[in-house]
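Okay, structure first, notes after.
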Amino acid sequence: MTFELFIFYLFAAVLVFAALRVVTVRNPVHAVLFLVLAFFSSAALWLLLEAEFLALVLVLVYVGAVMVLFLFVVMMLDINVAVLREGFTRYLPVGLLVGLAIVAEMGLVLVRYFVLPPGSAPKPVGPDFSNTRMLGDLLYTHYVYPFEIAAAILLVAIVAAIALTLRRRPGTKHQDPAAQIAVRRRDRVRLVRMDAEKKPE
Amino acid sequence: MTATLLEFWNGLPEDFRIPVLILLKIVAILVPLMLSVAYLTFAERKIIGYMQIRIGPQRVGPRGWLQPIADALKLLLKEIIVPANANRFLFLLAPVLSIGPALAAWSVMPFGHGMVLANVDAGLLFLLALTSMGVYGVIIAGWASNSKYAFLGAMRSAAQMVAYEIAMGFALVGALMAGGSLNLGKIVLAQQGGVLHWFWLPLLPLFFIYFISGVAETNRAPFDVAEGESEIVAGFHVEYSGMAFAVFFLAEYANMILISTLAAVLFLGGWLSPFEGTGWQAYVNWVPGTVWLLLKAAGFLFLFLWFRATFPRYRYDQIMRLGWKVFIPITIVWLFLEGFAILFHLQPWFA
């Protein structure tokens with residue numbers, strides 16, 4: 001077993017363990033932290049595949065931003081586990097159905113590699129190969145329309161989310177930062193010249 | 001003597017030599033880093049002292065020079081107290097998660113031409129990914145402590161870091177666009193040709209935003225609401241004592257040094273001499289590039305301390321407003337302008 005293979009199995013084992021714990025652990029904060037561990041391990045696996053850009057972006061976006069917001073929300077929830085358990089048997093059939101569908105889909109992907117004769121493994125590229133440049137070239141030429149449509153959809157989502165929070169309520173004591181910054185000394189302070197001692201009369 | 005040692009070394013198997021060499025390089029980076037952290041705390045107390053017309057520490061050793069050593073010894077010997085209802089594992093894991101990224105980020109930092117531990121192609125992205133993970137130490141510390149003050153600090157810190165990371169990321173995108181590479185060494189080499197060729201000039205707004213976001217990202221004054229001594233005692237690390245606290249402290253100062261060095265690398269030409277292209281260069285040729293880099297970084301570190309002595313703490317909503325409504329729009333506009341400058345080959349930066 002080469003060292004690379006050892007690293008692969010190590011991170012794969014951590015990934016599977018973390019993914020299992022995400023759904024089995026009771027404390028939701030622990031579940032989110034295990035999800036973070038799962039993302040991190042899969043980023044390590046991507047690094048082994050020489051997909052540095054994707055691996056680092058996975059860490060940057062999912063671990064560094066999305067999961068922080070997740071954690072932020074989950075930590076503030078006051079979750080009563082007993083109440084959540086009540087509907088367990090009622091939702092079990094739906095859950096099983098969804099679970100089976102996911103397993104079947106993943107199985108279809110994997111079957112290719114187990115049943116069909118193995119194709120030639122991709123050759124490792126040299127150290128001069130820039131993954132990032134290739135990805136950029138592909139994304140901005142061949143896939144430019146899907147890419148820009150996705151960007152437009154995200155922009156619409158941002159605008160919608162912000163529009164939902166914009167409420168003008170009368171009577172609130174909102175501050176106007178522009179007015180605060182524009183303030184001058186003479187608006188706030190009056191300098192008074194006074195003698196240090198009272199002059200004798 | 002040296003010849004026999006060299007012969008012995010070359011006789012060793014390569015599988016053994018390479019890891020040993022890498023480990024030695026790591027030590028060669030981390031030991032000076034730790035010493036810098038120790039003496040940065042000393043410099044902070046002295047400089048802020050003089051700014052406030054005090055003398056600062058002066059009792060331990062000649063002129064107080066042994067003060068950081070005494071502080072470290074004190075912290076080493078103190079007991080680590082774990083609060084009664086704290087989550088013990090996460091409580092002790094948090095400082096490790098805090099210092100891990102702060103140290104690992106140094107692996108891609110170029111100290112001179114080719115003087116880098118790991119010459120990674122996507123070095124800048126690696127740095128951004130690692131610095132974005134530092135927030136977990138703070139959040140987990142706040143949550144695992146099972147204390148209201150700690151939790152408030154963690155919440156503030158999480159919101160602040162997410163906000164400023166975006167502005168910081170955009171500022172870094174500006175630097176990588178100008179440098180035409182994600183590799184830090186190549187970004188420095190793209191700035192050759194003297195002070196006016198460095199990226200601080202074409203990327204002036206991004207340079208300011210990067211450094212201010214860096215101050216916010218490291219939770220330093222005036223953005224230190226996560227600690228906020230006067231409001232929430234010490235914020236996320238209020239329950240920590242002894243070495244567990246010291247590790248948080250180390251991480252904060254290591255991050256300050258990292259942000260300063262990175263600002264020097266991306267915007268002030270890294271290890272390049274400031275006299276390049278002038279008649280003075282002939283007199284300073286003997287100065288190694290690393291010295292220039294460290295001088296520039298020291299300048300930024302001084303700014304960190306100066307800020308702390310000068311500005312009152314920002315209010316929380318003001319911090320959020322500055323991050324989301326001021327910095328992010330400015331960076332986006334400047335990235336557009338920079339794109340046009342690159343398109344039209346604006347001289348001398350975008351040849």
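For residues that are open to solvent by less than 60 Å² (accessible area, probe 1.4 Å) and part of a helix (DSSP H, G or I), scanning just region A:42-51, find the one that is modelled with the lowest pLDDT. Give the derivation first.
Taking region A:42-51 as the starting set, the residues that turn out to be open to solvent by less than 60 Å² (accessible area, probe 1.4 Å) are A:42-45, A:48, A:51.
From what is left, the residues that are part of a helix (DSSP H, G or I) are A:42-45, A:48.
Numbers: A:42: 91, A:43: 90, A:44: 89, A:45: 90, A:48: 85.
Within region A:42-51, the match that is modelled with the lowest pLDDT is A:48.
Which residue out of A:55, A:65 is in a helix (DSSP H, G or I), within 11 Å of chain B (Cβ to nearest Cβ), open to solvent by less than 50 Å² (accessible area, probe 1.4 Å) and modelled with pLDDT under 85?
On the way: A:55 fails: modelled with pLDDT under 85.
Residue meeting the stated conditions: A:65.
Criterion first (more than 26 Å from residue B:258 (Cβ to Cβ) and either within 24 Å of the chain's Cα centre (by Cα) or part of a helix (DSSP H, G or I) (or both)) does residue B:41 satisfy it? Step through it out loud before you land on a result.
Values: more than 26 Å from residue B:258 (Cβ to Cβ): no; either within 24 Å of the chain's Cα centre (by Cα) or part of a helix (DSSP H, G or I) (or both): yes.
Criteria not met by residue B:41.
Being closer than 19 Å to residue A:56 by Cα, more than 11 Å from chain A (Cβ to nearest Cβ) and in contact with a Gly (Cβ under 7 Å, 6 or more places away or on another chain): is that true of residue B:102 here?
Numbers: closer than 19 Å to residue A:56 by Cα: yes; more than 11 Å from chain A (Cβ to nearest Cβ): yes; in contact with a Gly (Cβ under 7 Å, 6 or more places away or on another chain): yes.
It is true that residue B:102 is closer than 19 Å to residue A:56 by Cα, more than 11 Å from chain A (Cβ to nearest Cβ) and in contact with a Gly (Cβ under 7 Å, 6 or more places away or on another chain).
Those residues that are among the hydrophobic types (A, V, I, L, M, F, W, C) and farther than 17 Å from residue B:291 by Cα, I need them from region B:20-29; list them, please. Give the derivation first.
At the first step, the residues of region B:20-29 found to be among the hydrophobic types (A, V, I, L, M, F, W, C) are B:20-24, B:26-29.
Across region B:20-29, the qualifying residues are B:20, B:21, B:22, B:23, B:24, B:26, B:27.
Report, by residue number, each residue of region B:120-129 that is at pLDDT 85 or above and more than 8 Å from every other protein chain (Cβ to nearest Cβ).
Residues of region B:120-129 at pLDDT 85 or above: B:124-129.
Of everything in region B:120-129, those that are at pLDDT 85 or above and more than 8 Å from every other protein chain (Cβ to nearest Cβ) turn out to be B:124, B:127.
Tell me the helices (runs of 4 or more DSSP H) entirely within region B:142-253 that contain at least 3 residues that are more than 14 Å from chain A (Cβ to nearest Cβ) and open to solvent by 10 Å² or more (accessible area, probe 1.4 Å).
Values: elements: B:148-179, B:184-189, B:204-217, B:229-232.
Per the criteria, B:204-217, B:229-232.
Which condition breaks for residue A:26 when tested against (1) farther than 30 Å from residue B:146 by Cβ; (2) open to solvent by 90 Å² or more (accessible area, probe 1.4 Å); (3) in a loop (DSSP other than H, G, I, E, B)?
Going through the list (1) farther than 30 Å from residue B:146 by Cβ; (2) open to solvent by 90 Å² or more (accessible area, probe 1.4 Å); (3) in a loop (DSSP other than H, G, I, E, B), residue A:26 breaks only (1).
Would you check if residue B:17 is assigned to a helix (DSSP H, G or I), open to solvent by 40 Å² or more (accessible area, probe 1.4 Å) and closer than 30 Å to residue B:131 by Cβ? Full working, then the answer.
Working: assigned to a helix (DSSP H, G or I): yes; open to solvent by 40 Å² or more (accessible area, probe 1.4 Å): yes; closer than 30 Å to residue B:131 by Cβ: no.
So residue B:17 does not fit the description; no.
Just checking, which of B:58, B:67 is open to solvent by 30 Å² or more (accessible area, probe 1.4 Å) and either modelled with pLDDT of 90 or more or among the polar types (S, T, N, Q) (or both)? Before you say what the answer is, go through the steps one by one.
Numbers: B:67 fails: open to solvent by 30 Å² or more (accessible area, probe 1.4 Å).
Going through B:58, B:67 in turn, just one is open to solvent by 30 Å² or more (accessible area, probe 1.4 Å) and either modelled with pLDDT of 90 or more or among the polar types (S, T, N, Q) (or both): B:58.
Return the residues of region B:218-235 that are closer than 24 Å to residue B:162 by Cβ and modelled with pLDDT under 80; say none if nothing qualifies.
Looking only at region B:218-235, we keep the residues that are closer than 24 Å to residue B:162 by Cβ, and these are B:218-229, B:231-235.
Across region B:218-235, the qualifying residues are B:221, B:225, B:226, B:227, B:228, B:229, B:231, B:232, B:233, B:234, B:235.
What's the total number of residues in region B:231-267 that are closer than 16 Å to residue B:44 by Cα and acidic (Asp, Glu)?
1
Report, ordered by the first and then the second residue, all pairs with beta carbons closer than 8 Å, sequence separation of six or more or different chains, a first member in region A:174-185 that is within 11 Å of chain B (Cβ to nearest Cβ), and a second member that is open to solvent by 70 Å² or more (accessible area, probe 1.4 Å).
Short answer, once both residue conditions are applied: A:177/B:321.
In the set B:275, B:311, which member is open to solvent by 10 Å² or more (accessible area, probe 1.4 Å) and either modelled with pLDDT of 90 or more or in contact with a Pro (Cβ under 7 Å, 6 or more places away or on another chain) (or both)?
On the way: B:275 fails: either modelled with pLDDT of 90 or more or in contact with a Pro (Cβ under 7 Å, 6 or more places away or on another chain) (or both).
Result of the check over B:275, B:311: B:311.
The values are calculated or read from the model by the stated rules, or taken from the named source; none is laboratory data. As the structure is a computational prediction, the values presented were derived from the model and not from experiment. For neighbour counting, all protein chains shown are included, and Cβ atoms are generated from backbone atoms with ideal geometry for every residue, glycine included. Accessible surface is based on the protein model in full, side chains and every heavy atom, while ligands, DNA and RNA are left aside. Shrake-Rupley method; radii C 1.70, N 1.55, O 1.52, S 1.80 Å.
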